[in-house]
């Protein structure tokens, strides 16, 4: 008898998602951001790879300034810019920071309790096309992207707060965020806005967008903005224009290191034995996404064979090569479809 796929310790449950069958859990996904503030099972799956914990610690220091964010006299909220290469866990880091903020507020134990609203402008998976492409599939302008963010924020506010004027979503973004800030103060609320990675073609446009985000980070508003880069130096260059403002916090992820392979196996195994760390030398995953995919594939192979999950270094290398080979074949197949050979 085949063990159900959801027993794979490296799968990730999608928060609040159900199958068509009422009250049935949907099967875990192979690759999905961890959202511990919404899905409790994600809390135990978070792994400190690429020294992500150091970035969380930086954010915890920022939490000491949280009273300033809710103080209307300070007149600005917070802009948290998270940079790093694609696939290194920026979205997961953002969700972890929201989780840390909520726990911090619980420990503060305000009376009455502070209302907290999380507005994911691109959903749980944080895919930027939701707000960065227009109805015709073309790349949207910065004003259009900001208008899309406002629309998503107002939609979420309506589900959590009273007396939300839907007309705000049609206002210019600057005026809309000012009105949202006033609404949050009236109802003693704090708003977390999660903005996805947007595939900017020009760093100057990206900087322009960050500057508008800084303007929108008014009192009681915390904006998380994700930026992907292949080079750390470029990431620093992009946030330089806004980084000196007291409302800005920069969290930075880099590339995987050798010890990250072992750290992932130790922390994400869910009680299963570790591979021999001394043998993890022949496999160099490109990013956190590949780490999870390969571990999941190795465990899935054992589950389908009716075997207990026991990941070895040899299996990791085998499945890593298999997945890369399949990815190459899929890419070649797509290219052959889009660019058929000329037989003339």
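The values are calculated or read from the model by the stated rules, or taken from the named source; none is laboratory data. Since the structure is predicted, the reported quantities are computational estimates derived from the model, not experimental observations. Positions of Cβ are generated from backbone atoms using ideal geometry, with glycine treated the same way; all protein chains shown enter the neighbour counts.
Table: residues versus (1) in contact (Cβ under 8 Å) with a residue 12 or more places away in the chain; (2) within 21 Å of the chain's Cα centre (by Cα); (3) over 17 Å from residue 79 (Cα atoms).
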site: 144; (1), (2), (3): no, no, yes
site: 148; (1), (2), (3): yes, yes, yes
site: 175; (1), (2), (3): no, no, yes
site: 216; (1), (2), (3): yes, yes, no
site: 224; (1), (2), (3): yes, yes, no
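What do you reckon, is residue 96 under 25 Å from residue 261 (Cα atoms) and either surrounded by fewer than 17 Cβ atoms within 10 Å (Cβ to Cβ) or at pLDDT 90 or above (or both)?
Taking the combined requirement at face value, the residue satisfies it.
Within the range 303-316, identify whether any single residue is assigned to a helix (DSSP H, G or I), touching a helix residue (DSSP H, G or I) at 6+ places or on another chain (Cβ under 7 Å) and either closer than 21 Å to residue 53 by Cβ or at pLDDT 80 or above (or both), and answer yes or no.
Yes, some residue in the range 303-316 is assigned to a helix (DSSP H, G or I), touching a helix residue (DSSP H, G or I) at 6+ places or on another chain (Cβ under 7 Å) and either closer than 21 Å to residue 53 by Cβ or at pLDDT 80 or above (or both).
Could you look through the range 12-39, keep only residues that are within 16 Å of the chain's Cα centre (by Cα) and outside any loop (DSSP other than H, G, I, E, B), and pick out the one that is modelled with the highest pLDDT?
Restricting to residues being within 16 Å of the chain's Cα centre (by Cα) and outside any loop (DSSP other than H, G, I, E, B), the top hit is 12.
Looking at (1) more than 24 Å from residue 243 (Cβ to Cβ); (2) part of a helix (DSSP H, G or I), which is the one condition that is false for residue 135?
(2)
Is it the case, given these coordinates, that residue 17 is closer than 20 Å to residue 213 by Cβ and out of contact with any helix residue (DSSP H, G or I) (no Cβ under 9 Å at 6 or more places or on another chain)?
Considered against the rule, which asks whether it is closer than 20 Å to residue 213 by Cβ and out of contact with any helix residue (DSSP H, G or I) (no Cβ under 9 Å at 6 or more places or on another chain), residue 17 comes out as no.
Taking the range 101-122 as the search range and keeping residues that are over 17 Å from the mean Cα position of the chain (by Cα) and part of a loop (DSSP other than H, G, I, E, B), which one is modelled with the highest pLDDT?
The extreme case among them is 114.
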